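Student: The structure's right below; bear with me while I get my questions together.
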Amino acid sequence: MRGSNVRQAAGANGLTWGATFDRAIGFAVELGLQPDAFFDTKREAVRPRRNGSRVPLDLLARFLSWAAEASGDDSFGLKLGARFHPSDLGAYGYLLLNSPTLGESMALAQRFAEFQQQGNAFVWKGTSDGFVEVRYDAHGLAEPLRRQDAECTLAIAHAIVQRLSGRPVRPVEIRVQHGGGKRRLRLEDHFGCPALYHDRHNALRYEASILALPIRGADPKLRSILAQYVEQELEGLPPPDDEIGRVRWAIRRSLATGRSGIAVVARQCGIGERSLQRRLAGAGLSYSDLVDAVRQDIYAELTKTGKRSLREAAELLGFSDASAFAKARRRWERGA
């Protein structure tokens, strides 16, 4: 197995759903790779914690690139993405499967992406010339990491569109930011449409008529039940005009990943670090105080859902170790 020379991504602070990483590891094992070699040989690659549903995007991108190089299969990301099914998204996926039309499913998928993935990387939108596009732009990934990550994500989106519709739907075109290299036809073969390289965006373009396609086997009663559950999960997502709320949300979603520093959260919120500091100061807040308040909120919720070890609670709240959490807990309890 060849060693990887992939460089660490700089500034890619988004999060993505953990099911993608789980499947990537499983697929690598099927190909005869040993994922532990990736974690053991790359100091910056920390095995993702299993107590959350999100992992750092740049960690996933590094793993995909490592697996493609170690296996000698430059289509690793494409093949991995093609394996996805809406059910991989849990209750959200089953809600998509039980929506009446593909258009309604895609609207829900966009909302799910905002809830589950940070960094505003995934967008489903209509175009001025009558098409619909899935766009994926993960800003900040080092160039050697972009290809596998982009191709995997677009392949996931296309696999979900096909499985929702139950038909061999094909895009009109696929566009990617990276070059084609020696295997320029592989994207055209996979998606069944022309491929454009060195574009501004990573995108799949479809005829707008696919939005009217019915979802075969959709169950309206099951959809109603699932919708209530999903809405309860999503009700904590602040509206776009609640800037402080969005920052709190980003902190909350980042704590268990160990990446909740101000630079990371500012990037996830789409603003500069200094701008974030100024806006918090204008509201009479500091970033450290906001992190502490979010941790207290989560701790209060944890105390209502059963006992957890100090170590587990410390990880969920993003503390470096159990003793740091214990010290903060004593302070919170004194102030209660």
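Student: Among the residues of the stretch 251-264, write down those that are at pLDDT 80 or above and either under 17 Å from residue 274 (Cβ atoms) or of a type in the set (Lys, Arg) (or both).
Tutor: 252, 261, 262, 263
Student: Hey, another quick one. Among (1) crowded, with 19+ Cβ neighbours inside 10 Å; (2) farther than 21 Å from residue 158 by Cβ; (3) modelled with pLDDT under 90, where does residue 66 come up short?
Tutor: If we test residue 66 against (1) crowded, with 19+ Cβ neighbours inside 10 Å; (2) farther than 21 Å from residue 158 by Cβ; (3) modelled with pLDDT under 90, just (3) comes out false.
Student: So, residue 149, is that one at pLDDT 90 or above and either farther than 20 Å from residue 230 by Cβ or open to solvent by less than 10 Å² (accessible area, probe 1.4 Å) (or both) or not? If you could, list the steps in order and put the result at the bottom.
Tutor: Details: at pLDDT 90 or above: yes; either farther than 20 Å from residue 230 by Cβ or open to solvent by less than 10 Å² (accessible area, probe 1.4 Å) (or both): yes.
Criteria met by residue 149.
Yes/no matrix, rows are residues, columns are (1) farther than 30 Å from residue 94 by Cβ; (2) in contact with a Leu (Cβ under 6 Å, 6 or more places away or on another chain):
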| position | (1), (2) |
| --- | --- |
| 174 | no, yes |
| 178 | yes, no |
| 185 | yes, no |
| 195 | yes, yes |
| 203 | no, no |
| 209 | no, no |
| 218 | no, no |
| 224 | no, no |
| 230 | no, yes |
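Student: Identify all residues within the stretch 120-141 that are aliphatic (A, V, I, L, M) and part of a strand (DSSP E or B); write none if there are none. Walk me through it before giving the result.
Tutor: Taking the stretch 120-141 first, the residues aliphatic (A, V, I, L, M) are 121, 123, 132, 134, 138, 141.
Selection gives 123, 132, 134.
Student: For the condition of a type outside the set (D, E, K, R), closer than 30 Å to residue 138 by Cα, modelled with pLDDT under 85 and open to solvent by 70 Å² or more (accessible area, probe 1.4 Å), what is the one hit in 288, 320?
Tutor: Working: 288 fails: modelled with pLDDT under 85.
Testing whether each residue is of a type outside the set (D, E, K, R), closer than 30 Å to residue 138 by Cα, modelled with pLDDT under 85 and open to solvent by 70 Å² or more (accessible area, probe 1.4 Å) leaves just 320.
Student: Quick one: how many residues across the stretch 70-91 are within 13 Å of residue 187 (Cα to Cα), of a type outside the set (S, T, N, Q) and not in a helix (DSSP H, G or I)? Quick ask: steps written out before the conclusion?
Tutor: Let us first name the residues in the stretch 70-91 that are within 13 Å of residue 187 (Cα to Cα), namely 74-79, 81-82.
Filter once more, so that each one left must be of a type outside the set (S, T, N, Q): 74, 76-79, 81-82.
Subsequent filtering for residues that are not in a helix (DSSP H, G or I) retains 74.
Of the residues in that region, 1 qualify.
Student: Would you call residue 263 exposed (fewer than 15 other Cβ atoms within 10 Å of the Cβ), under 19 Å from residue 56 (Cα atoms) and within 25 Å of the chain's Cα centre (by Cα)? Even if it seems obvious, please write down each step before you answer.
Tutor: Values: exposed (fewer than 15 other Cβ atoms within 10 Å of the Cβ): yes; under 19 Å from residue 56 (Cα atoms): yes; within 25 Å of the chain's Cα centre (by Cα): yes.
Yes; evaluated as a whole, the condition is true for this residue.
Student: Of the residues that make up the stretch 328-336, is at least one at pLDDT below 85, open to solvent by 60 Å² or more (accessible area, probe 1.4 Å), of a type in the set (A, V, I, L, M) and not in a helix (DSSP H, G or I)?
Tutor: yes
Student: Residue by residue through the stretch 177-213, note down the ones that are among the small types (Gly, Ala, Ser) and more than 20 Å from residue 127 (Cα to Cα).
Tutor: Keep residues of the stretch 177-213 that are among the small types (Gly, Ala, Ser), which gives 179-181, 192, 195, 203, 208-209, 212.
Within the stretch 177-213, 179, 180, 181, 192 meet the criteria.
Student: For residues that are in contact (Cβ under 8 Å) with a residue 60 or more places away in the chain and not polar (S, T, N, Q), scanning just the stretch 243-260, find the one that is surrounded by the fewest Cβ atoms within 10 Å (Cβ to Cβ). Working first, answer last.
Tutor: First, the residues of the stretch 243-260 that are in contact (Cβ under 8 Å) with a residue 60 or more places away in the chain: 250, 253-259.
Subset that is not polar (S, T, N, Q): 250, 253, 255-256, 258-259.
Values: 250: 24, 253: 23, 255: 20, 256: 22, 258: 17, 259: 22.
Step by step, filter the stretch 243-260, then rank; the result is 258.
Student: What's the total number of residues in the stretch 21-44 that are within 24 Å of residue 316 (Cα to Cα), surrounded by 18 or more Cβ atoms within 10 Å (Cβ to Cβ) and modelled with pLDDT under 90?
Tutor: Counting residues in the stretch 21-44 that are within 24 Å of residue 316 (Cα to Cα), surrounded by 18 or more Cβ atoms within 10 Å (Cβ to Cβ) and modelled with pLDDT under 90 gives 1.
Student: Being modelled with pLDDT of 80 or more and either among the hydrophobic types (A, V, I, L, M, F, W, C) or within 19 Å of the chain's Cα centre (by Cα) (or both) is the filter here, so list the residues in the stretch 235-245 that pass it.
Tutor: 244
Student: Still on this structure: Within the stretch 152-196, work out how many residues are outside any helix (DSSP H, G or I) and open to solvent by less than 30 Å² (accessible area, probe 1.4 Å). Don't jump to the end; show me each part of the working.
Tutor: Here is the first cut: in the stretch 152-196, the residues outside any helix (DSSP H, G or I) are 166-185, 192-196.
Next, from what is left, pick out any that are open to solvent by less than 30 Å² (accessible area, probe 1.4 Å): 169, 171, 174-176, 178-180, 193, 195.
Result for the stretch 152-196: 10.
Student: Check residue 106 against each of (1) at pLDDT below 90; (2) buried (at least 24 other Cβ atoms within 10 Å of the Cβ); (3) under 24 Å from residue 187 (Cα atoms) and name the one condition it does not meet.
Tutor: Status for residue 106: all satisfied but (2).
The values are calculated or read from the model by the stated rules, or taken from the named source; none is laboratory data. These numbers were taken from a predicted model, which means no experiment stands behind them. Counting neighbours? That spans all protein chains shown, and the Cβs are built from the backbone with ideal geometry, glycine included. The protein model used for the area step is the full one, side chains on, heavy atoms only, and it has no ligands, DNA or RNA in it. Shrake-Rupley method; radii C 1.70, N 1.55, O 1.52, S 1.80 Å.
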